[in-house]
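Data block below; observations after.
The values are calculated or read from the model by the stated rules, or taken from the named source; none is laboratory data. Predicted, not measured: the structure shown is a model, and the values here were computed from it. Cβ placement follows ideal geometry from the backbone for every residue including glycine, while neighbour counts extend to all protein chains displayed.
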Amino acid sequence: MDPELRQGAVDSLPLGLALVPVGLAFGYLGHTVGLSWWLAGLMSAVVYAGPSQFIAAGLLGVNAAVATIVATTFVANLRYSLFAASLAPQMRDAPRRRLAALGHGIADGSYAVTIDHALTHPERPRKDRYLLGSFLVSFAFWVPGTVAGALMGEVVPDTLAYALGFATPAIFIAFLVPYVRGWVPAVVMLAAGLGTVAGNDLLPSGAGPLVAIIAASILGGALASRPTRP
């Protein structure tokens, strides 16, 4: 086995284990909104973007329009283009065809371990193989975890299912906390949350999160670009 691929896989084992409960939570959520176990698993394999999958499942639960679901998840996934742009200089020696395929494997966790490895070991070649190893391990835990969660939803008693309803907001909190560094991200997060709540009451079904994400992003850009006082 290629040493870089093996290193990426080994370094991502803790990440893969951490993805299991998240996959279980998404699979269970998918079951509650009517996704079969195989469809939930297929979504995890094809979309492979945890936060966007939770958003999509939530919008499915309120019968949002397909266009609204696509637009909302598209906006939420725009950050992956920034991830890819920051990795590009580290992978100049990789074949372009492989990079195009590896784009599917850029997720929050895999990006974090890969960029850390690339900056810590700039002398090592073929960072694309490291990313591939990270992706394969993450994928191997994420998709089966989703399927298990969806199957679990078919046998979990209603009383326990009610308690598990807190899993989705808890997962979102876990996704958000690492990005809240300073007052600007905190304001953006608060604005997005309040905007979503208000939008759900004032806008057509499912449109609230999309409008809130766009408005909060514009607010964040304006706040971040303000000149600092000398």
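Details
Condition check ((1) at pLDDT below 90; (2) in the same structural domain as Met152 (by TED's automatic domain parsing); (3) over 24 Å from Val211 (Cβ atoms)) across all residues:
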{"site": "Gly8", "(1), (2), (3)": "no, yes, yes"}
{"site": "Leu29", "(1), (2), (3)": "yes, yes, no"}
{"site": "Gly50", "(1), (2), (3)": "yes, yes, no"}
{"site": "Phe54", "(1), (2), (3)": "yes, yes, no"}
{"site": "Val62", "(1), (2), (3)": "yes, yes, no"}
{"site": "Leu78", "(1), (2), (3)": "yes, yes, no"}
{"site": "Ala84", "(1), (2), (3)": "yes, yes, yes"}
{"site": "Pro89", "(1), (2), (3)": "yes, yes, yes"}
{"site": "Arg98", "(1), (2), (3)": "yes, yes, yes"}
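- The range 1-48 - residue that is of a type in the set (Asp, Glu) and in a helix (DSSP H, G or I) and, of those, surrounded by the most Cβ atoms within 10 Å (Cβ to Cβ): Glu4
- Within the span defined as the range 123-138, every residue fails to be under 22 Å from Ser217 (Cβ atoms) and either in a helix (DSSP H, G or I) or among the hydroxyl-bearing types (Ser, Thr, Tyr) (or both).
- Filtering the range 142-180 to residues that are modelled with pLDDT of 65 or more and within 16 Å of Met43 (Cβ to Cβ) leaves Trp142, Val143, Pro144, Gly145, Thr146, Val147, Ala148, Gly149, Ala150, Leu151, Gly153.
- Residue within the range 181-201 that is within 23 Å of the chain's Cα centre (by Cα), at negative phi, modelled with pLDDT of 75 or more and not in a helix (DSSP H, G or I) present: yes
Let's see how each residue does on (1) hydrophobic (A, V, I, L, M, F, W, C); (2) outside the structural domain of Leu29 (by TED's automatic domain parsing); (3) farther than 15 Å from Arg98 by Cα:
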site	(1), (2), (3)
Leu119	yes, no, yes
Arg124	no, no, yes
Arg129	no, no, no
Gly133	no, no, no
Ser138	no, no, yes
Trp142	yes, no, yes
Gly145	no, no, yes
Gly149	no, no, yes
Glu154	no, no, yes
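- Subset of the range 71-100 (residues that are surrounded by 13 or more Cβ atoms within 10 Å (Cβ to Cβ), under 18 Å from the mean Cα position of the chain (by Cα) and aliphatic (A, V, I, L, M)): Ala71, Val75, Ala76, Ala84, Leu87
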